[in-house]
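Okay, so here's the structure we're looking at.
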Amino acid sequence: MSVRVRIAPSPTGNLHIGTARTAVFNWLFARHQGGKFILRIEDTDLERSQPEFTQNILDGLTWLGLTWDEGPFFQSDRMDLYAQNIQALLDKGLAYRAYDTPEELEAMREAQKARHEAPRYDNRHRNLTPEQQAAFEAEGRKAVIRFKIDDDREISWIDLVRGTVTWKGRDLGGDIVISRAADTHGIGQPLYNFVVVVDDIEMQISHVIRGEDHIGNTPKQILLYEALGATVPEFGHTPLILNQAGQKLSKRDGVTSISDFKQMGYTPEGITNYMTLLGWSPPEPMTEIFTLAEAAQQFGFDRVNKAGAKFDWDKLNWLNGQYLHSMPVEHITDTLIPYWRDANYPFDETRDRNWLEQIAALVAPSLSRLDEAVPMTRYLFMPLTFTEEAKAHLQQDGSATALKAILAATDPDTQLTEDAIQTVIKQVVKEQNLKKGLVMKSLRASLTGALQGPDLVQSWLLLNQKGMDRDRFEQAIAISAS
RNA sequence: GGUGCCGUAGGCAAAUUGGUAAAGCCGUCGAUCUUUCAAGUCGAUGCUUGCGGGUUCAACUCCCGUCGGCACUGCCA
């Protein structure tokens, strides 16, 4: 049997990191098995589904490199199929119409709670007589359709990551609603648990790989597979991604959508690598830094951990940095340009290309996120703002002397080279009898407005190419005097 | 409350069928390089495997109990 897996996000929000991680495991498994990875958009909740979220999900998956082989399929296009299957269940007597009002259900649960019982539907409308049904309809009540669940059934499956999992029918909460309320004899909007099964059957999904939060849905769905006369697929429930407090990561935890990560300057390679590590571990000779394709060669559920994993920014940052450090200059320059542009730094992409590449080469080795390049390179693009420490340094004895000497020792009409800079520094140190540290710090303070930052000689070179160095020395000398 | 799942250092985690002194990575700390920060390099720190029993020559790995965490418990997905 060929392997067919799917990722089925619902467009009620941007692509979430948890969904993306599930997509990674599905993708990895499909590639490892030579199977198909299918994308299905679960938009049965008409109220909450939005087209822009669908777009965000598609864009996110594409950006991450999680390409799909079939789809996207939309559940909203398949309503007839669901209605047919619900009718079939109705015809077979496996499902029925229930006329309870939301208020009645609420009251029932309250009563159960008061009696310290587990809230569940008591199947009160399972065996209504035609007369009773007619009476409810005469009242103008609408009916949901419920699927019968046998209290005495025991359902179990061999989970790909957890082994045998068993549930009792009585713990499933009574007959489940598979379609929303609709007028007499009509079939309302089909609900998640039912739709998933119909689609997975129809799309011949062989392995359902999803988050652990779906474990409780699985027994209900297995019963539905049986009722629809279909083969039950394999199930694998992956551990959840947890927040600092150890709870399921949710939008309330701040940055959780892939588009946010992208904007913050994480690379798709870094994110997918990290998400894979959250639950899966590579076999021995392999290091923790790997591409999706490399992971796919080794991927298997035997190496997927069962416990939830806390999301660790430190490790993500480190991993992302590894990718940034090894990125070719042209590539990282291309990637950095949008960040500089968004910061409104003035430059001409074409004419300044070489200069921009030098900047990229200068800062890339110390980045862990792309957006860090913005504050880090600000002094190369914008007028200076001085930190208090920098000002204080410039006001020290010898600082102005050093800068004046440097001004005198350099020719405004000749572009500097690295060697020339080294020579000038040595010369000034010797002639003015100053400490090298003081000269260097004065240079840094005057050129960058700060006492720490990227390599100073390279920075000066870059500023010199733009003719931005001498004015800064003058400005600094003025500060020295004040 | 009920049901289910899970529990190896601060975080991610490894450990062939129970068998050496419980890998590795991140973090932290220190050293080094540098005018500086970051990065890099080198080194160090930390778990008696939630806890208590049991089986065994031997248990992170098996059994029993216990505690804790999380997830689910919808006419959401």
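Quick check on my filter: what residues within region A:328-362 are under 20 Å from A:Leu461 (Cβ atoms), free of Cβ contacts under 8 Å to residues at least 24 places away in the same chain and surrounded by 13 or more Cβ atoms within 10 Å (Cβ to Cβ)?
A:Asp352, A:Arg353, A:Leu356
List the pairs whose first member sits in region A:163-183 and is small (Gly, Ala, Ser), whose second member is within 7 Å of RNA strand B (Cβ to nearest atom) and in a strand (DSSP E or B), and whose Cβ atoms are under 7 Å apart, counting only residues at least 6 apart or on separate chains?
From residues that are small (Gly, Ala, Ser), the pairs are A:Ser179/A:Val144; A:Ala181/A:Val144.
Here is a yes/no grid of residues against (1) of a type in the set (Gly, Ala, Ser); (2) within 12 Å of RNA strand B (Cβ to nearest atom):
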{"site": "A:Gln432", "(1), (2)": "no, no"}
{"site": "A:Lys436", "(1), (2)": "no, yes"}
{"site": "A:Ser446", "(1), (2)": "yes, yes"}
{"site": "A:Trp460", "(1), (2)": "no, yes"}
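How many of the residues making up region A:149-194 are surrounded by fewer than 15 Cβ atoms within 10 Å (Cβ to Cβ) and not in a strand (DSSP E or B)?
Qualifying residue count for the region: 9.
Is there a residue in region A:313-323 that is within 11 Å of RNA strand B (Cβ to nearest atom) and either under 30 Å from A:Glu234 (Cα atoms) or not in a helix (DSSP H, G or I) (or both)?
No, region A:313-323 contains no residue that is within 11 Å of RNA strand B (Cβ to nearest atom) and either under 30 Å from A:Glu234 (Cα atoms) or not in a helix (DSSP H, G or I) (or both).
Any residue at all in region A:164-177 that's within 15 Å of A:Arg97 (Cα to Cα), more than 8 Å from RNA strand B (Cβ to nearest atom) and either modelled with pLDDT of 95 or more or of a type in the set (Ser, Thr, Tyr) (or both)?
Yes; the residues of region A:164-177 include at least one that is within 15 Å of A:Arg97 (Cα to Cα), more than 8 Å from RNA strand B (Cβ to nearest atom) and either modelled with pLDDT of 95 or more or of a type in the set (Ser, Thr, Tyr) (or both).
Mind checking which residues of region A:363-386 are β-branched (Val, Ile, Thr) and surrounded by 15 or more Cβ atoms within 10 Å (Cβ to Cβ)?
Step one: list which residues in region A:363-386 are β-branched (Val, Ile, Thr), which gives A:363, A:374, A:377, A:385.
Within region A:363-386, A:Val363, A:Val374, A:Thr377 qualify.
Only one of A:Ala420, A:Ala392, A:Ala450, A:Ala408 is without any contact (Cβ under 8 Å) to a residue 12 or more places away in the chain and either in the same structural domain as A:Phe347 (by TED's automatic domain parsing) or closer than 26 Å to A:Pro365 by Cα (or both). Can you tell me which?
A:Ala420
Run down A:Phe53, A:Phe73 and say which single residue is surrounded by 17 or more Cβ atoms within 10 Å (Cβ to Cβ), in a helix (DSSP H, G or I) and among the aromatic types (Phe, Trp, Tyr).
A:Phe53
Can you tell me which residue among A:Arg124, A:Arg97, A:Arg141, A:Arg146 is over 34 Å from the mean Cα position of the chain (by Cα), part of a loop (DSSP other than H, G, I, E, B), more than 7 Å from RNA strand B (Cβ to nearest atom) and crowded, with 16+ Cβ neighbours inside 10 Å? Write out each step before concluding.
Details: A:Arg124 fails: crowded, with 16+ Cβ neighbours inside 10 Å; A:Arg97 fails: part of a loop (DSSP other than H, G, I, E, B); A:Arg146 fails: part of a loop (DSSP other than H, G, I, E, B).
Every option except A:Arg141 fails the conditions.
Of the conditions (1) in a helix (DSSP H, G or I); (2) among the acidic types (Asp, Glu); (3) closer than 17 Å to A:Phe25 by Cα, A:Asp334 clears all except one; give me its number.
Every condition holds for A:Asp334 apart from (3).
The values are calculated or read from the model by the stated rules, or taken from the named source; none is laboratory data. Not measured: the values here are computed from a predicted model. Positions of Cβ are backbone-derived with ideal geometry, glycine not excepted, and every protein chain shown enters the neighbour counts.
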